[in-house]
Amino acid sequence: MIQLTSVSKSFENKLVLDHIDWTVKKGSVFGLVGPNGAGKSTLLRIISGVIKADTGQVTVDGEFVYDQPLVKKRILFLADEPFFLHQSTLKEMKEFYKIFYPSFDEEMYAKLLNNFPIPENEKINTFSKGMKRQTGLILALSVNPDVLLLDESFDGLDPVMRLTLKRFISREILNRNMTVVISSHNLRELEDICDQIALIDNRKVVMSGEVDTIKGDFHKIQVGFAHDVKEDIFAFLNPLHVDKMGNVFVVVAKGEVEKLIEEIRSLEPVLVNELPLNLEEIFVYEMEGRGYGKTV
Amino acid sequence: MAKLFSFNINGAYLRFLIKRNARFMILTGIAMTVLFPILAFTNYLIDGSYNEFVFTTGRVFILILLVLSIFIVPFLMFSYLNSKKNLDVYHALPIRRRDLYFTTLLASLAIILIPYTIVYVIGNVYYFSVISNVDAVLLFKQYYFAVALTLSILMPILFAMMNTGTGVDGLLYGLLLHIIPSILYGAYVTFGNAVLLGFSVADPSLFLLYASPIWSIFELTFNTSRIFPNPILISVYWIAFGLITSWIVLYYYQIRRSEKAEEPFTNRWFFPVISSFFTFIVQFFLYSAFITLSGRGLDFRTLIFPFFLTFVMYLILDVIANRGFKHLVRGIINFAIIGALSLGTFTFGTLFDGFGYITRVPNANNVEKIELDYNDPYGFLFSSYYYDQPSFSIQKIYSSEEDIATIIKAHKAILDGFKENDYKKWDGYSDLVSTPRTPLDATMYKQSSSVRIVYHLKSGAKIARYYTVPFGWASDLLDLVDSENVFKNRYPMLGNPDAVVRNTIFDIFDPLMSNSISLSGKVNFKLFAAAYKSDYLSLNEQQHNYPETPILGIINLTSCTSTEMCLSRAIPIDARYVQTLSLLASSGVSLPVLTTLDYVPIVVLPDATNEKSPFFHIQSLLGYTDFYIPYSYSETKEVNPISERVDYIEIPENRLV
């Protein structure tokens, strides 16, 4: 279990994380979302022990992480830009990781190599961006960590590779009870693989929980009227978003769907219909509700 | 505290790093092999014989390559520090930061030293096999010094890397940190020579020996004659420096933030401190150099060019540091502050006699001993002609109260001489001889003496002064004549008879050297040396300087410490040398009789009416120069600098015995 208690971090007097309390259960796949500069990468770097929190505590299974090799042996952090030694090959990078991670699984490595067409003895700096990402992921998964932290690691992969990776990760979670935290802007990706999700905004975790629970808490309802009405008619619902197309409205609001529909019916609409809502829309509406990107 | 010094080397990672950098080691190894054993072999192919000098040159070359690789390797090994993503990955690795740092540092040392060691061994095995009488201990010492100082050269570069965010800045400031001691020393010496009367450095190499590891590695390795300070102690000093700075750099390594990794400076104080100090000392150096070159003394017009030259230099550093001109105004203001400080210090230092440097003469009570070099045009105390005789050591140290008082008195007399002649109006003291623009008499001016005095104070400090002055100003030094040191310098073979292996000439002449008798086999040399020394030292300064006894004979002595190294002296004897005369008599030697000369020689005899007449000096010249007085004054009757002391007369025969 990853436990963050009142974690704060500043860079050059700029507060990036403000008293974050957050828990990631063992064996879960946590998606970390948030606008640019929200502090997602900083949070992952603190969890992995790259940087030290200014205040608060970070523990993995009850042990502090920063500068603690025994704990860090069980954590692998794959940054948004994968690192490779100068002029190195995948084989050399394997040797590099094997030095530090005794858990490095040669069998897994061979299996991954079969699935990802990466030449083992070619210089990595000649690879495309996507191939470099695959290389990073092959190494990260071969390390077989208890905690895998992926910082936008799927970006740049083609759909086939993304799917293959997702399958791998899903299988490993089942097999090894691995804990995975994935930060990404692509919520559709996260929706497929994550069972929990957290939203970071304004230096804090503003939303965190099971994907299904979150999805169940947000509702998109289509409402049609026989006559012209104004948007503010829905103000009493505290909607996150209201769209108007003639006399038809699309309202996004939080709460119990039955209660919302009942309240909307009191406005005597001619049409009330719940529409499907995906995680990305939830993220967008939630952020709009917080004033992010609203003016665009 | 124990935690502070605890670290673990990750052996697997160490091997990995060394293996990964094998190609670099092979490359440097090949370069070193070409410049050491292959160079010697090539020389053999050309000359058909082996030359020791070529091997020494090879050793110098591979040491230069070693130093070059010390500058390159940290940028190979610690390059991840200059990339945010790389630093994140390294710091995410399950290894303590201090362990990662020390493992990488140890790998760097191994990568630097492995090729050097291999080539050094191969080259010297080859050297052993072809050159005889090889000093194996010396070779081992040279290797030890190179290894011992490697860390101390490496650490300033790593320190610069820890405070900068890019490789270029790291390299630039690593170089600056290494050249700052040399420029600082250069600025000090140039300033002293330009504006400080009597400026001298007690031990010219001492500062750099302790301030510059690069200078020190070459000095310790190749200056095999150095005995003080003890080279081993200096190497221990540099090992300690390397270890201490390793921990200072560790501190910066541990607090290094990846957010700042790609910025020019990760420590906001680093650039202002280093660049300001560097600019300050470069300005000081250039002011002094331009004043010396112009020969106009402290003239502010002379300082305009170096001021603006350093302004451009500072702006270039500022533009590199800020990657543009956005902080140009701030840079100009910073430079204005540095410029004002350096100009102010320089001006005050010049106007106020180096803050007391010029006028300071130590109190005799505080002086433990004095090192004196005195080169007068007449060779009164020391004749320079035997300075190239390495077989006899020169006695420079004066430690008796009387000698110390004499030298201090002479020092004060020299300063008085300068004061009376308004030294501040002179343009360059070091040009005293060649520059005819002083208020002194030109003839007297030409007859200059150089005096270098190094006071060893009881506190352990040293004060050194050097003057080139008219002979008369330093004449108080002639009072040292009764010093044992002077005796040993004038007659090294009598001062140290045990060093003499054989005498090729050991004769006694009559005063005009017209007739001689060999003393070899008749007089025991060691007994002679002891008797003469005893006689000489029994004379006081008054008796030395105002002899009233005529010369009875002149010993012509050529002594050798080995077959190649021989030294000649003409040693006068008169009635004051009682023990010597007694020894000669007891050995059955009669003084040779003067034969009639068919010419009238010109000699210099003391003027009995002149109290300052230094007859003993003339005695020392007699005979050695084959009875030729190398002054033209006696013929031209010109006024000459020692006219106060001696008269030049044609010697009538009745004055000679």
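Could you list all residues from the stretch A:221-239 that are charged (D, E, K, R) and surrounded by fewer than 12 Cβ atoms within 10 Å (Cβ to Cβ)?
Within the stretch A:221-239, the first condition is being charged (D, E, K, R), and the residues that meet it are A:228, A:230-232.
If the condition is that a residue be charged (D, E, K, R) and surrounded by fewer than 12 Cβ atoms within 10 Å (Cβ to Cβ), then A:Asp228, A:Lys230, A:Asp232 are the ones that fit.
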Looking only at the stretch A:8-38, count how many residues are part of a loop (DSSP other than H, G, I, E, B) and within 18 Å of B:Lys260 (Cβ to Cβ).
3
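Under 26 Å from B:Thr221 (Cβ atoms), in a helix (DSSP H, G or I) and away from every other protein chain (no Cβ under 14 Å), is that true of B:Leu45?
no
Would you confirm, using the coordinates I've provided, whether A:Phe100 is under 19 Å from B:His91 (Cα atoms), free of Cβ contacts under 8 Å to residues at least 60 places away in the same chain and assigned by TED's automatic domain parsing to the domain that holds A:Pro145?
Values: under 19 Å from B:His91 (Cα atoms): yes; free of Cβ contacts under 8 Å to residues at least 60 places away in the same chain: yes; assigned by TED's automatic domain parsing to the domain that holds A:Pro145: yes.
The answer is yes for A:Phe100.
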Taking the stated definitions as given, is B:Leu87 more than 20 Å from B:Leu139 (Cβ to Cβ) and either at pLDDT 95 or above or in contact with a Cys (Cβ under 8 Å, 6 or more places away or on another chain) (or both)?
no
What is the number of the single condition among (1) in contact with a strand residue (DSSP E or B) (Cβ under 7 Å, 6 or more places away or on another chain); (2) at pLDDT below 80; (3) among the aliphatic types (A, V, I, L, M) that A:Leu150 does not meet?
(2)
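The rows are residues; the columns are (1) in a helix (DSSP H, G or I); (2) within 14 Å of another protein chain (Cβ to nearest Cβ); (3) under 25 Å from B:Ile180 (Cα atoms).
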position: B:Glu259; (1), (2), (3): yes, yes, no
position: B:Phe278; (1), (2), (3): yes, no, yes
position: B:Gln283; (1), (2), (3): yes, no, yes
position: B:Leu317; (1), (2), (3): yes, no, yes
position: B:Thr347; (1), (2), (3): yes, no, yes
position: B:Pro362; (1), (2), (3): no, no, no
position: B:Asn365; (1), (2), (3): yes, no, no
Filter the stretch A:31-59 down to the residues that are within 12 Å of another protein chain (Cβ to nearest Cβ) and either within 27 Å of A:Lys166 (Cβ to Cβ) or buried (at least 24 other Cβ atoms within 10 Å of the Cβ) (or both) and list them by number.
A:Ser41, A:Thr42, A:Leu44, A:Arg45, A:Ile46, A:Ile47, A:Ser48, A:Gly49, A:Val50
Report the residue count in the stretch A:64-82 for those that are over 21 Å from the mean Cα position of the chain (by Cα), part of a loop (DSSP other than H, G, I, E, B) and within 7 Å of chain B (Cβ to nearest Cβ).
2
Somewhere in the stretch A:119-134, is a residue touching a Ser or Thr at 6+ places or on another chain (Cβ under 8 Å), under 30 Å from A:Met207 (Cβ atoms), at pLDDT below 90 and not in a loop (DSSP other than H, G, I, E, B)?
yes
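Taking the stretch B:87-122 only, how many residues are within 13 Å of chain A (Cβ to nearest Cβ), within 26 Å of B:Ile153 (Cα to Cα) and in a helix (DSSP H, G or I)?
Taking the stretch B:87-122 and keeping what is within 13 Å of chain A (Cβ to nearest Cβ), we get B:87-101, B:103-104, B:107.
Within this subset, residues satisfying the condition of being within 26 Å of B:Ile153 (Cα to Cα) are B:87, B:90, B:96-101, B:103-104, B:107.
The next check asks that each one be in a helix (DSSP H, G or I); those that pass are B:87, B:90, B:97-101, B:103-104, B:107.
Residues flagged as within 13 Å of chain A (Cβ to nearest Cβ), within 26 Å of B:Ile153 (Cα to Cα) and in a helix (DSSP H, G or I) within the stretch B:87-122 amount to 10.
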Would you say A:Lys111 is surrounded by fewer than 18 Cβ atoms within 10 Å (Cβ to Cβ), over 22 Å from B:Asn8 (Cβ atoms), basic (Lys, Arg) and within 14 Å of chain B (Cβ to nearest Cβ)?
no
Of all residues in the stretch B:22-42 being surrounded by fewer than 20 Cβ atoms within 10 Å (Cβ to Cβ) and polar (S, T, N, Q), the one that is farthest from the other protein chains (Cβ to nearest Cβ):
B:Thr42
Residue check, B:Thr245 touching a residue at least 24 places away in the same chain (Cβ under 8 Å), surrounded by fewer than 20 Cβ atoms within 10 Å (Cβ to Cβ) and touching a helix residue (DSSP H, G or I) at 6+ places or on another chain (Cβ under 6 Å):
yes
Answer yes if at least one residue in the stretch A:129-148 is more than 14 Å from chain B (Cβ to nearest Cβ), within 23 Å of the chain's Cα centre (by Cα), crowded, with 17+ Cβ neighbours inside 10 Å and of a type in the set (Val, Ile, Thr), and no otherwise.
yes
For the stretch A:249-258, which positions are outside any strand (DSSP E or B) and at pLDDT 90 or above?
none
Just one of (1) surrounded by fewer than 20 Cβ atoms within 10 Å (Cβ to Cβ); (2) closer than 24 Å to B:Ile157 by Cα; (3) not hydroxyl-bearing (Ser, Thr, Tyr) trips up B:Val125, so point out which.
(2)
Filter the stretch A:1-30 for residues that are out of contact with any strand residue (DSSP E or B) (no Cβ under 7 Å at 6 or more places or on another chain) and within 11 Å of chain B (Cβ to nearest Cβ) and give the result.
A:Phe11, A:Glu12, A:Lys14
How many residues does the stretch B:48-80 contain that are away from every other protein chain (no Cβ under 13 Å) and part of a helix (DSSP H, G or I)?
23
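Rundown of residues vs (1) touching a residue at least 12 places away in the same chain (Cβ under 8 Å); (2) assigned by TED's automatic domain parsing to the domain that holds B:Val121; (3) under 24 Å from B:Phe102 (Cα atoms), yes/no style:
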| position | (1), (2), (3) |
| --- | --- |
| B:Arg15 | no, yes, yes |
| B:Arg23 | no, yes, yes |
| B:Leu27 | no, yes, no |
| B:Thr33 | yes, yes, no |
| B:Pro37 | yes, yes, no |
| B:Phe55 | yes, yes, no |
| B:Val60 | yes, yes, no |
| B:Leu66 | yes, yes, yes |
| B:Ser83 | yes, yes, yes |
So A:Met93, is it surrounded by fewer than 22 Cβ atoms within 10 Å (Cβ to Cβ), assigned to a helix (DSSP H, G or I) and within 12 Å of chain B (Cβ to nearest Cβ)
yes
Of the numbered conditions (1) over 23 Å from B:Phe159 (Cβ atoms); (2) surrounded by 19 or more Cβ atoms within 10 Å (Cβ to Cβ); (3) polar (S, T, N, Q), B:Ser69 fails exactly one; give the number of that condition.
(1)
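The values are calculated or read from the model by the stated rules, or taken from the named source; none is laboratory data. Quick caveat: nothing in here was measured; it's all calculated off a predicted structure. Virtual Cβ from ideal backbone geometry, glycine too; neighbours counted across all protein chains shown.
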